[in-house]
Amino acid sequence: MSSSLSDAELVKAVQDAYGAKALMADSDDRDHTGKVAASFGYTPAELLSIPSEANLGLSCGNPVGAATLKEGETVLDLGSGAGMDVFLAATKVGESGKVVGIDGSLDMIGRARRAACQKKFQPPRVSFVHAQLTEPLPIIDGSVDCVLSNCVVNLLPLQGKRTLFDEVRRVLKAGGRIVLDDIIAKRPLDAVIKDDLASYVGCIAGAIQLEEYQALLRDAGITDAVFVDTKNDLNVYYTSNTSACCSTQGPTSTSSGPTPALSVTPDFDANEWVVQSSPALMSHEELAAFVGGTGDSGDFVAVDGGRVKGSVNWPAQTFYDDLPRILEKYKNKKKVVFYCGSSSGRGPRCAGWYQDYLNETGTTTSQAYILQGGVKAWLAKYAGDDNLVDQVS
Ligand SMILES: C[S@@+](CC[C@H](N)C(=O)[O-])C[C@H]1O[C@@H](n2cnc3c(N)ncnc32)[C@H](O)[C@@H]1O
């Protein structure tokens, strides 16, 4: 936060709010918590495999889904909450593996331990440790294969983020990996949001921008990080009256007054600040007119290897870093159409980045579009048409 509360007061406010959340009855809001988890990438099978009280609808991703955990590995989950990612990780690393969840709220730790008992998970295979992430972690140097975190780093004050990343580097084994799901601000937050304690506790006001995040990781010696924008809709948190992560209530000041609860829709749209643009869809018919030469002059960019006749291939892996060059090349193309295998994935992600960059640079001569249904739908319609489809040899 930009003013008034000390880092220690912020940490306490966060802890109190999540502690209160940990005391909610399991049955209070199961539909909602299931919906939040599903929208952030948890599969029905994953959700069925964990005790339902382990999911409090507080996630912003599914780090285990991306961590490629292997039998026997040691995993550390930072800000483990009621334990959902710890339980999923424990299943992946098996009986010879070890998963430690750390959380600063004793009530969260208690809830997670009760759920662990239900699953018959015991230390050392699964343990929940009460500790602050803004302080040195009670973990041995070089002992962890994979560090996970789900919607937690944004809740730490800047210095706390720094300390945590240094600690993550310390505890990782050589060649270890880190999967952080987090909320990143797409532009500087307004002071009114930054100074709102409830927005801080609700995962928004403590979000930093990509460049700041990259710099913190670099400073901690964590290099070659890959950032993936999942483009999730944060409004899913507000589909319940009783449960939300990124939500606000109570003081909109920086006073340390009553603890903000996690329950009420904020009076701003979080997506506007922390989720990238969602470009418009382009229909097959319109793209076919471009490609077949009967439409307005336009351009299209392939980020997945072609199949739309005349596509330009720009690798998705370097797309974000290449944005200045891409803009230079396409800024005078009215419509830049992105596609990949489906209507969600690399194509739409790159389209969002391109549109964000157009907005940031004030470029109005070009606009990003996503091919409706992705290339699969395109091929289903035009596969045999050599004028519209690049045939593969
Ligand atoms: C948004 S919740 C996410 C919980 C869990 N990762 C999940 O996805 O369900 C954030 C968690 O981080 C914990 N937390 C926040 N700040 C912390 C800190 N400074 N030290 C330790 N834990 C903290 C909270 O107690 C809470 O359980």
Filtered residues of the stretch 279-307 (kept if crowded, with 19+ Cβ neighbours inside 10 Å and either in a helix (DSSP H, G or I) or modelled with pLDDT of 70 or more (or both)): PRO279, MET282, LEU287, ALA288, PHE290, VAL291, PHE300, VAL301, ARG307
Of residues in the stretch 52-78 being at pLDDT below 95 and more than 13 Å from the ligand (Cβ to nearest atom), the one nearest to PRO136 (Cα to Cα): ALA67
Scope the stretch 124-147; condition away from the ligand (no atom under 16 Å from the Cβ), at negative phi and either touching a helix residue (DSSP H, G or I) at 6+ places or on another chain (Cβ under 8 Å) or outside the structural domain of GLY175 (by TED's automatic domain parsing) (or both); matching residues: ARG125, ILE140, ASP141, SER143, VAL144
Filtered residue count, the stretch 47-71, keeping only those that are over 18 Å from the mean Cα position of the chain (by Cα) and either basic (Lys, Arg) or crowded, with 18+ Cβ neighbours inside 10 Å (or both): 6
Residue check, LEU155 within 8 Å of the ligand (Cβ to nearest atom) and under 21 Å from the mean Cα position of the chain (by Cα): yes
Test: ALA89 is among the aliphatic types (A, V, I, L, M) and closer than 19 Å to LEU156 by Cβ: no
Residues located in the stretch 343-373, provided they are in a helix (DSSP H, G or I) and at pLDDT below 80: ARG346, GLY347, PRO348, ARG349
Filter result (under 17 Å from MET24 (Cβ atoms) and either among the hydroxyl-bearing types (Ser, Thr, Tyr) or not assigned by TED's automatic domain parsing to the domain that holds LYS21 (or both)) within the stretch 81-123: SER105
Some residue of the stretch 197-216 being of a type in the set (Gly, Ala, Ser), exposed (fewer than 15 other Cβ atoms within 10 Å of the Cβ), without any contact (Cβ under 8 Å) to a residue 12 or more places away in the chain and in the same structural domain as ARG114 (by TED's automatic domain parsing): yes
Residue tally, condition on the phi > 0 side of the Ramachandran plot and within 13 Å of the ligand (Cβ to nearest atom), over the stretch 86-107: 0
Per-region count, the stretch 204-233, residues modelled with pLDDT of 85 or more, touching a Ser or Thr at 6+ places or on another chain (Cβ under 9 Å) and within 18 Å of ASN150 (Cβ to Cβ): 3
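The values are calculated or read from the model by the stated rules, or taken from the named source; none is laboratory data. Source: prediction; values computed, not measured. Ideal geometry is used to build each Cβ from the backbone, glycine not excepted, and the neighbour counts take in all protein chains shown.
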